[in-house]
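Where a number appears in this text, it was derived from the coordinates with a stated rule and is not lab data. On a predicted model such as this, the values are computed, not experimentally measured, just so you know. No Cβ is skipped: glycine too gets one built from the backbone with ideal geometry, and neighbour counts run over all protein chains shown.
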Amino acid sequence: MCKDMPPLEKAIQFHGHICPGLLMGVRAAEFAQKYLDIDPDQDEELLAVVETNSCGVDAIQSILGCTFGKGNLIFKDYGKNVYTIASREKRRAVRIAQKYKPQSHPDSLRYRELKRKDSLNEAESAEAENLLGAIFERLMSTPFEELFTWRDIDFSFPAKAEIYPTVQCSVCGEGVMEPRAIRNGQNYVCPDCV
Amino acid sequence: MCEANVYLHRDGQEELLMESVDRIIPGEDNQIFMENIFGERRVVKARIREMELVRHRVILEAVPEEPVQRHTEIWLEPETAHGHFHPGEAVIIKLNKGYNMQADSQAELKDPKAYIVKPEGTRELELHAHHNQGEINLTEEIDGLAQIYVHEKGEQERYAAVLVEVGHHHHHGTQPIGLPLEIIPTDYSHARMGENYEIQVLKNGIPLAGAEVKATYSSTKNRDYPHHLTTDETGRAKLFLTARGNYLFSVTDENIISTFTLVKSF
């Protein structure tokens, strides 16, 4: 991978395609980086609490380095485009919430309508491409305060993710993280076999 | 009742497009967005012909599609996925003939000549052309940034230019090559998606104001160029980059078509 890959490109490569939700996540991640004056996470210096599992979260993961696998991405299934980014080093956290807009832009409505279709004809494909271009420009050019609200919050940092021993499930024979296994006398049973 | 029925007037007949419409928003490029009280939405390419507000009728008329003016052009595309080559890699530049970054299988390259422009002077390059495609191998030629251009003579003079980069460099203030008609980047340094990119059109070295510059990208599904820009009094025009892959800018003046390929950094 080349050095100097811009955040937007990182997010697109990670997510696989460009979409409005991802771009909103890019705006939030880039804002958090600047606001907290932080570098992308290497080893859990940062922590993200995301209140959605939609496209924007992939921007948080790829740009800020708060990832599912590292354990510094905490998912709360609230269905809200809200991202709290915290820095252990700075002892600061910012909660970024996408503003509610009762009426979507006609471009966005039409784009969603097209994306819901099973297949698009040639004219519709071109229309969807042009709409996405217009939405892209609008989302990346709109002042941040028109898209999101943000505030500093008190944040109690959890301990860094622990690495637990693996034990063997007495039913299927597969390895399972000890705290997830059910103890049955001298044996362990994995959640799948309970 | 304040909603209206929307009709499309065509060949003296009126066709009902949507009933109980409560929002009509004219958009760019003769698009009209409408939404009715049931939440149904539609976008049509039309303009408003008449509004009969007492009778709650809005009559649209279709806008005839302008025929696509297809002037076959040539353009250059480096064979790299992310905008530059790494030292030691094969540096191959493809020459294409067609329109809107779509090669035309009917087109024939007519003895095109390729050149490399370096501070010490301009030199012709070996170009292998066959049918509507050509190839230039620059592996032994470049370290850093180089300007490459191709010229195809004829009744229609065609030029294609590109900046080729080997390694990671930052470049500002690219000098014009000196073509009769050319597009140059005003500040070439790792053009990226999500940013504005500015070009300048020069005719015999002098900024060309009011010129139409068309812009497209390699992944477009549009039959015609998706972007049409007009140069300002300094010959400059800007485009916000929203697509992956390379962009192509094209300008026509009198009998010359000149293209510039923007190779994005990633």
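Annotations for the structure displayed:
- Only lysines eight or more places from A:K76 in sequence, or on another chain, were considered; those with a Cα closer than 19 Å are A:K99, A:K160.
- Taken over the Cα atoms of segment A:7-152, the convex hull encloses 117 Å³ per residue.
- For B:V213, the amide hydrogen comes within under 5 Å of the amide hydrogens of B:L229, B:T230, B:T231, counting only partners 5 or more places away or on other chains and with H modelled in the peptide plane.
- For chain A, size of Cβ-based charge dipole, Lys and Arg +1, Asp and Glu -1, in debye: 560 debye
- Note on A:N121 and A:K76: the extension gain reaches 12.4 nm, defined as 0.36 nm multiplied by sequence separation minus the Cα-Cα distance.
- Relative contact order, whole percent, for segment A:1-103 stands at 28, derived from Cα pairs under 8 Å and 6 or more residues apart.
- Here the ratio of the Cα radius of gyration of chain B to 2.2 N^0.38 Å is 1.26.
- Along the axis of the charge dipole computed for segment A:90-194 (Cβ charges of +1 for Lys and Arg, -1 for Asp and Glu, origin at the Cα centre), the listed residues A:P191, A:L132, A:S156 are led at the positive end by A:S156.
- Segments B:12-24, B:98-110 sorted - mean Cβ within 10 Å per residue, highest first: B:98-110, B:12-24
- Nonlocal amide H pairs with A:S170, under 5 Å, H built at 1.01 Å: A:Y188, A:V189, A:C190
- Cα convex hull volume per residue for segment B:193-236 (Å³): 91 Å³
- Projected label distance in nm at A:Y100 and B:E195, using a 7 Å step from Cα toward the beta-carbon: 3.8 nm
- Remark: relative contact order (chain A) = 17 percent; criterion is Cα-Cα distance under 8 angstrom and separation of 6 or more residues.
- When +1 charges are put on Lys and Arg Cβ atoms and -1 charges on Asp and Glu Cβ atoms, the dipole computed for segment B:172-266 relative to its Cα centre reaches about 460 debye.
- When the Cα positions of B:G12, B:A114, B:H131 are compared along the charge dipole of chain B, B:G12 comes out farthest toward the positive end, with charges on each C-beta of Lys, Arg, Asp and Glu.
- Distance from the C-alpha centroid of segment A:144-169 to that of segment B:1-79: 49 Å, rounded to the whole angstrom.
- Neighbour-count order for B:T230, B:T174, fewest beta carbons within 10 angstrom listed first: B:T230, B:T174
- The distance linking segment B:102-139 with segment A:10-71 is 43 Å (Cα centroid to Cα centroid, whole angstrom).
- Counting Lys and Arg as +1 and Asp and Glu as -1 over every other residue whose Cβ lies under 14 Å from the Cβ of B:D143, the net charge comes to -4.
- Springs between Cα atoms under 10 Å define the GNM used for chain B, and in it the highest mean-square fluctuation of B:N36, B:N96, B:N137 occurs at B:N36.
- Per-residue HN-Hα couplings for segment B:46-55 [Karplus 6.51, -1.76, 1.60; θ = phi - 60°; Hz; x = Gly/Pro]: 6, 10, 6, 9, 7, 10, 9, 5, 5, 8
- Gain in span if fully extended, B:Q102 to B:E157, counting 0.36 nm per residue against the direct Cα distance: 17.9 nm
- Stokes-Einstein translational diffusion, the protein assembly as shown - Kirkwood Rh over all Cα pairs, 1.002 mPa s, 20 °C, in µm²/s: 82 µm²/s
- Cross-link pairs A:K10/B:K264; B:K97/B:K118; B:K97/B:K214; B:K97/B:K153; B:K94/B:K153 - those with Cα-Cα distance over 20 Å: B:K97/B:K118
- Vicinal HN-Hα couplings computed from phi for segment B:116-126 (Karplus, 6.51 cos²θ - 1.76 cosθ + 1.60; Hz; Gly/Pro x): 10, 10, 10, x, 7, x, 9, 9, 6, 10, 6
- Measuring nothing but how far apart in sequence close Cα pairs (under 8 Å, 6+ apart) lie, relative to its length, segment B:207-266 scores a relative contact order of 34 percent.
- The simple spin-label model puts a point 7 Å past each Cα toward its Cβ; for B:Q133 and B:N204 those points are separated by 3.9 nm.
- The residues neighbouring A:K160, those whose beta-carbon lies less than 12 Å from its own, together hold a net charge of -3 under the Lys/Arg +1, Asp/Glu -1 convention.
- Note that segment B:15-24 has calculated 3J(HN,Hα) couplings of 10, 6, 8, 7, 9, 6, 7, 10, 9, 10 Hz, one per residue in order, obtained from phi through the Karplus relation 6.51 cos²θ - 1.76 cosθ + 1.60 (θ = phi - 60°); glycine and proline are x.
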